[in-house]
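Novice: Shown below is the structure under consideration.
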Ligand code: SF4
Ligand code: SF4
């Protein structure tokens with residue numbers, strides 16, 4: 001072996017720079033921030049999937065401002081400046097960091113190219129902002145106070161089970177415990193009504209959580225890990241106390257919190273939670289496959305499906321990682337990257353296509369490439385214009401494929417699409433997937 005070959009082999013064989021996938025320390029992501037090559041794969045959907053220049057971007061933040069600081073590449077460069085003490089906190093800097101739905105589109109886009117941990121870097125920047133007293137934003141602090149005072153992110157004093165009507169018939173004990181979530185409990189009550197109707201029609205027993213409170217999505221998303229961890233521990237204890245085998249949500253944001261971010265906060269793997277986490281889509285799809293869910297009533301509509309981010313790009317199971325990095329970024333031990341492969345892409349389409357009468361149309365941006373609705377992770381509360389801008393772009397895509405109805409799997413998408421469509425006078429219907437299925441059962 002030549003000297004050059006030997007040197008290369010040695011350097012390749014001996015990674016020695018320690019790092020962990022731990023968002024408590026932005027320094028863990030120095031390599032990722034340094035090695036962004038500004039290719040913008042985090043912004044543009046791979047052109048091989050796209051019909052043309054329209055509907056070809058994937059970042060709601062950069063779509064809003066059309067300025068590179070707002071896309072992941074810009075945010076990564078700013079994160080490096082934060083780490084090296086080269087940027088000062090300002091309102092503008094906080095806007096760049098928080099006007100982002102942490103939708104994961106940049107993360108899966110980058111991992112087709114360089115395998116950088118973009119999503120975790122963006123989360124770690126927010127944790128750093130909170131630790132330095134600059135974040136979160138006042139609107140987020142207000143929401144966190146509301147959660148601490150009332151157990152829900154709206155500060156509502158009404159009964160959390162106010163959505164339950166006389167037809168809702170949960171079991172006292174069941175394998176499945178249904179975690180309803182704040183949005184479905186107070187704002188989008190049609191979703192839990194539809195979910196329970198579908199489960200009951202398929203004879204799938206479920207119970208409800210006693211004294212349910214918020215899942216902690218917004219505290220976690222804005223970087224307040226202490227508050228989020230307390231919520232995670234209390235919620236996990238309630239599931240264990242219930243004896244349930246499966247925690248089911250009908251909200252994509254709750255789903256990601258339970259499945260990915262609770263284990264991340266606790267430093268454990270998803271399969272160490274002690275119970276399985278499922279979205280309603282998975283439970284309904286299993287019932288369909290077993291012949292228990294009978295979709296018999298025709299729904300004669302041209303429908304398209306919006307892959308909500310947190311049942312698609314961001315919901316791969318969590319596994320803590322500590323290792324070493326060396327020459328050319330090679331690492332030991334091997335790291336199984338999270339690439340959005342566990343998304344519920346097929347299950348949701350199977351369910352929709354099982355409804356008689358449906359004329360299903362795919363949008364150009366689908367599955368991992370879907371554009372976020374703009375409504376999640378505390379971004380809409382702080383930057384409503386950004387949220388509307390993303391929803392408006394997606395609604396244009398719904399119309400582009402000639403659909404009159406857009407179906408999603410998250411009440412936060414439901415709110416953001418419905419509110420934007422109403423404000424713009426758009427004649428499209430917005431439905432949750434549970435509502436669509438409820439229309440098809442007797
Ligand atoms: S895709 Fe990755 S490497 Fe390319 S610009 Fe975006 S963050 Fe940087
Ligand atoms: S997480 Fe989503 S909104 Fe934030 S930078 Fe990445 S693609 Fe843009």
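Novice: Would you confirm whether or not region 282-299 contains a residue that is touching a residue at least 12 places away in the same chain (Cβ under 8 Å) and more than 30 Å from residue 398 (Cα to Cα)?
Specialist: yes
Novice: If you don't mind, another one. Which one of these is in contact (Cβ under 8 Å) with a residue 12 or more places away in the chain and surrounded by fewer than 21 Cβ atoms within 10 Å (Cβ to Cβ): 365, 269, 377, 338?
Specialist: 269
Novice: Can you go through 122, 80 and tell me which one is touching a residue at least 12 places away in the same chain (Cβ under 8 Å), under 16 Å from the mean Cα position of the chain (by Cα) and in a helix (DSSP H, G or I)?
Specialist: Of the residues listed, the single one that is touching a residue at least 12 places away in the same chain (Cβ under 8 Å), under 16 Å from the mean Cα position of the chain (by Cα) and in a helix (DSSP H, G or I) is 122.
Novice: Mind checking which residues of region 125-135 are at negative phi and over 19 Å from the mean Cα position of the chain (by Cα)?
Specialist: Start the filter on region 125-135 by keeping residues that are at negative phi, which leaves 125-132, 134-135.
Those that are at negative phi and over 19 Å from the mean Cα position of the chain (by Cα): 128, 129, 130, 131, 132, 134, 135.
Novice: Quick one: residue 274 ticks every box in (1) surrounded by 20 or more Cβ atoms within 10 Å (Cβ to Cβ); (2) over 30 Å from residue 110 (Cα atoms); (3) in contact with a helix residue (DSSP H, G or I) (Cβ under 7 Å, 6 or more places away or on another chain) except a single one, so which number is it?
Specialist: Here residue 274 meets the rest and fails (1).
Novice: Of 291, 250, which residue is surrounded by 24 or more Cβ atoms within 10 Å (Cβ to Cβ) and modelled with pLDDT of 95 or more?
Specialist: 250
Novice: Evaluate region 97-115: report whether one residue or more is touching a residue at least 24 places away in the same chain (Cβ under 8 Å) and over 25 Å from residue 339 (Cα atoms). Walk me through how you get there before you give the answer.
Specialist: Step one: list which residues in region 97-115 are touching a residue at least 24 places away in the same chain (Cβ under 8 Å), which gives 97-115.
With over 25 Å from residue 339 (Cα atoms) added as a condition, the list becomes none.
No, because not a single residue in region 97-115 is touching a residue at least 24 places away in the same chain (Cβ under 8 Å) and over 25 Å from residue 339 (Cα atoms).
Novice: Follow-up question, since we're still on this one. Kindly provide the set of residues from region 71-82 that are buried (at least 21 other Cβ atoms within 10 Å of the Cβ) and away from ligand 1 (no atom under 12 Å from the Cβ), ordered by number.
Specialist: Hit for region 71-82 is 82, nothing else.
Novice: List the number of the failed condition for residue 177; all other conditions in (1) out of contact with any strand residue (DSSP E or B) (no Cβ under 9 Å at 6 or more places or on another chain); (2) modelled with pLDDT of 95 or more; (3) closer than 22 Å to residue 256 by Cα hold.
Specialist: Answer for residue 177: the failing condition is (1).
Novice: On to the next question. All but one of (1) touching a residue at least 60 places away in the same chain (Cβ under 8 Å); (2) under 20 Å from the mean Cα position of the chain (by Cα); (3) surrounded by fewer than 17 Cβ atoms within 10 Å (Cβ to Cβ) hold for residue 222; state the number of the condition that does not hold.
Specialist: Of everything listed in (1) touching a residue at least 60 places away in the same chain (Cβ under 8 Å); (2) under 20 Å from the mean Cα position of the chain (by Cα); (3) surrounded by fewer than 17 Cβ atoms within 10 Å (Cβ to Cβ), residue 222 misses just condition (3).
Novice: Further question on the same structure: Quick check, is residue 36 part of a loop (DSSP other than H, G, I, E, B), within 13 Å of ligand 1 (Cβ to nearest atom) and more than 20 Å from the chain's Cα centre (by Cα)?
Specialist: So residue 36 fits the description; yes.
Novice: (1) within 12 Å of ligand 2 (Cβ to nearest atom); (2) at pLDDT 95 or above; (3) surrounded by fewer than 24 Cβ atoms within 10 Å (Cβ to Cβ): which one isn't true of residue 41, the others all being true?
Specialist: (2)
Novice: Okay, next question. Across region 417-432, what is the total count of residues that are within 16 Å of residue 305 (Cβ to Cβ), touching a helix residue (DSSP H, G or I) at 6+ places or on another chain (Cβ under 6 Å) and surrounded by 20 or more Cβ atoms within 10 Å (Cβ to Cβ)?
Specialist: Summing the residues that are within 16 Å of residue 305 (Cβ to Cβ), touching a helix residue (DSSP H, G or I) at 6+ places or on another chain (Cβ under 6 Å) and surrounded by 20 or more Cβ atoms within 10 Å (Cβ to Cβ) in region 417-432 gives 3.
Novice: Still on this model: Out of (1) free of Cβ contacts under 8 Å to residues at least 40 places away in the same chain; (2) surrounded by 24 or more Cβ atoms within 10 Å (Cβ to Cβ); (3) not in a helix (DSSP H, G or I), the odd one out for residue 62 is which?
Specialist: (3)
Novice: Still on this structure, please answer the following. Anything in region 115-134 that is buried (at least 17 other Cβ atoms within 10 Å of the Cβ) and either within 16 Å of ligand 1 (Cβ to nearest atom) or within 19 Å of residue 214 (Cβ to Cβ) (or both)? List them, or say none.
Specialist: Residues satisfying the conditions are 116, 117, 118, 119, 120, 121, 122, 123, 124, 125, 126, 130.
The values are calculated or read from the model by the stated rules, or taken from the named source; none is laboratory data. Just so you know, these numbers come straight off a predicted model, no measurement behind them. When we count neighbours, we look across all protein chains shown, and the Cβ atoms used for this are built from the backbone with ideal geometry, even at glycine.
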